[in-house]
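All remarks here apply to the structure that follows.
The values are calculated or read from the model by the stated rules, or taken from the named source; none is laboratory data. Worth saying up front: this structure is predicted, and the values here are computed from it rather than measured. Note: ideal-geometry Cβ built from the backbone for every residue, glycine included; neighbour counts use all protein chains shown.
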């Protein structure tokens, strides 16, 4: 549960708790018992039971009496946001064309606070998956899309971010020094793309470019990610940057033309 | 707001109301004022304000002081469900291959009560969009995927459904007679696919096939939809049924093989 200090007097705690119950379910925990939910949320069993039964009555949760799981209706909560964005729909065919060309997965994300949130993804077909889907969040500082988006923020926003962000080492390569990250972001802003070499996860390299909206401001980022076995960062830049930049350009053109609006 | 009669004594009304506030936002209404939210939900302005401010504090809603909009974090609610399904991820590459081959949009959906819910979609690239995305719901009786899923239900479930469903005419072709729908569903069960010819929307034809899980039961449906300009139902059956059935078979094979598990 989030900290409950400093909440406004009008804060509706029941809503916070009910949303925490929904979030208790995930890919690793699609089915939970009452005890599981109580444990995951920090609620008493009695409280967890009330929220679960309310969600059952509203059609968001299924139960066989013992195990609880989310029902498809839950999608209407997140998808109100997604369907209000034209970006994923506009980007999708261009992302598919890129994946068909380079045989690496392609994603589009937006910045939300200090994190990137995936809003579209076209995985390449592999036996092994990396477990990323629309809605996945990563800390912006350690990802190529995050750095493209951070590099486009106003100077005072970035000052606040660098002063406050906890830059944890996710691998032994992660840049964790704010001053060094600022230098990296300046270079990204100047060159128009970012490469991240195994700073989020060992063995994973990623290349990202900005997507600009009508008024020229960066609204999202598009990337391709590749296993280290594909080659060095330089190989990836040489092979994948031109098609990635062309994809970003096509998405921007369609956004300007109002395709799918 | 749903009916508030017959709620269990433990029902948490604040959670229902908070979720209604989230659902007030959609593709047509991505930005709402306090008054808009109060009107859409039936809440008083004071109540709507408390829920909106709570959602702002939790990071799910953004406000400039007057207009409210959903933030990307809202995706974590619906995507907990989606990421718990392996089906969309397994189906996606096969759906993409089908769309590349036939140049029509492909979707996968599951049954939720009397409605189909889209869990994966690969649109074809066209200037005109039909505004369907993951999370979109349609009444099962008027759609090809819905009929495939209804046809696979146990007899007593289907009896209850046909006795209780309100079969509204969505176009002048929609089958609205329960006895006639039962006959249609029997044929679909026997032949292994469904064609719906402009019963959901004028000018739209759709062809669907079942996707079976490990134990042989139908867990989802996959379809292709085509504008009437593509040709008659017979043309669509001849041109699109073989690749659609092949796609369903490939998805089933990957599900059995545990790809992406």
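Quick notes on this one:
- Of all the listed residues (A:93, A:88), the sole one being surrounded by fewer than 24 Cβ atoms within 10 Å (Cβ to Cβ), facing chain B (nearest Cβ under 9 Å), touching a helix residue (DSSP H, G or I) at 6+ places or on another chain (Cβ under 7 Å) and assigned to a helix (DSSP H, G or I) is A:88.
- Residue match in region B:188-204 (condition: more than 23 Å from the chain's Cα centre (by Cα) and assigned by TED's automatic domain parsing to the domain that holds residue B:155): yes
- When residues of region A:112-125 are limited to those that are touching a strand residue (DSSP E or B) at 6+ places or on another chain (Cβ under 8 Å) and more than 18 Å from residue B:122 (Cα to Cα), the one surrounded by the fewest Cβ atoms within 10 Å (Cβ to Cβ): A:114
- Residue B:39 vs. criteria more than 7 Å from every other protein chain (Cβ to nearest Cβ) and within 22 Å of residue A:7 (Cα to Cα): no
This table checks each residue for (1) modelled with pLDDT of 95 or more; (2) assigned to a loop (DSSP other than H, G, I, E, B).
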{"residue": "A:170", "(1), (2)": "no, yes"}
{"residue": "A:180", "(1), (2)": "yes, no"}
{"residue": "A:207", "(1), (2)": "yes, no"}
{"residue": "A:211", "(1), (2)": "yes, no"}
{"residue": "A:235", "(1), (2)": "no, no"}
{"residue": "A:244", "(1), (2)": "yes, no"}
{"residue": "A:252", "(1), (2)": "no, no"}
{"residue": "A:260", "(1), (2)": "no, yes"}
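- Every condition in (1) surrounded by fewer than 22 Cβ atoms within 10 Å (Cβ to Cβ); (2) free of Cβ contacts under 8 Å to residues at least 12 places away in the same chain; (3) facing chain B (nearest Cβ under 8 Å) is met by residue A:73 except one, and the failing one is (2).
- Residue A:82 vs. criteria more than 10 Å from chain B (Cβ to nearest Cβ) and within 30 Å of residue A:241 (Cα to Cα): no
- Any chance residue B:19 is outside the structural domain of residue B:119 (by TED's automatic domain parsing) and in contact with a strand residue (DSSP E or B) (Cβ under 9 Å, 6 or more places away or on another chain): no
- Extreme residue, farthest from the other protein chains (Cβ to nearest Cβ), among residues of region B:96-121 that are in contact (Cβ under 8 Å) with a residue 12 or more places away in the chain and part of a loop (DSSP other than H, G, I, E, B): B:104
- The residues of region B:49-61 that are closer than 22 Å to residue A:21 by Cα and either more than 7 Å from chain A (Cβ to nearest Cβ) or surrounded by fewer than 24 Cβ atoms within 10 Å (Cβ to Cβ) (or both), listed by number, are B:50, B:52, B:53, B:55, B:56, B:57, B:58, B:59, B:60, B:61.
- Residue identified as free of Cβ contacts under 8 Å to residues at least 40 places away in the same chain, more than 14 Å from chain A (Cβ to nearest Cβ) and within 16 Å of residue B:223 (Cβ to Cβ) among B:197, B:156, B:160, B:177: B:197
- With respect to the conditions (1) in a helix (DSSP H, G or I); (2) crowded, with 17+ Cβ neighbours inside 10 Å, residue B:200 falls short on a single one, namely (1).
- Flag: residue B:79 matches the condition of being crowded, with 17+ Cβ neighbours inside 10 Å, without any contact (Cβ under 8 Å) to a residue 12 or more places away in the chain and either touching a helix residue (DSSP H, G or I) at 6+ places or on another chain (Cβ under 7 Å) or more than 19 Å from residue A:9 (Cβ to Cβ) (or both).
- Residue under evaluation residue A:42, criteria (1) closer than 15 Å to residue B:77 by Cβ; (2) surrounded by fewer than 23 Cβ atoms within 10 Å (Cβ to Cβ), criterion not met: (1)
- Pick from region B:15-36, criterion in a helix (DSSP H, G or I), surrounded by fewer than 20 Cβ atoms within 10 Å (Cβ to Cβ) and touching a helix residue (DSSP H, G or I) at 6+ places or on another chain (Cβ under 8 Å), ranking: farthest from the other protein chains (Cβ to nearest Cβ): B:35
- When we screen A:63, A:33 for residues that are over 20 Å from residue B:116 (Cα atoms) and more than 23 Å from the chain's Cα centre (by Cα), the only hit is A:33.
- None of B:222, B:196 is within 14 Å of residue B:111 (Cβ to Cβ) and touching a strand residue (DSSP E or B) at 6+ places or on another chain (Cβ under 9 Å) except B:222.
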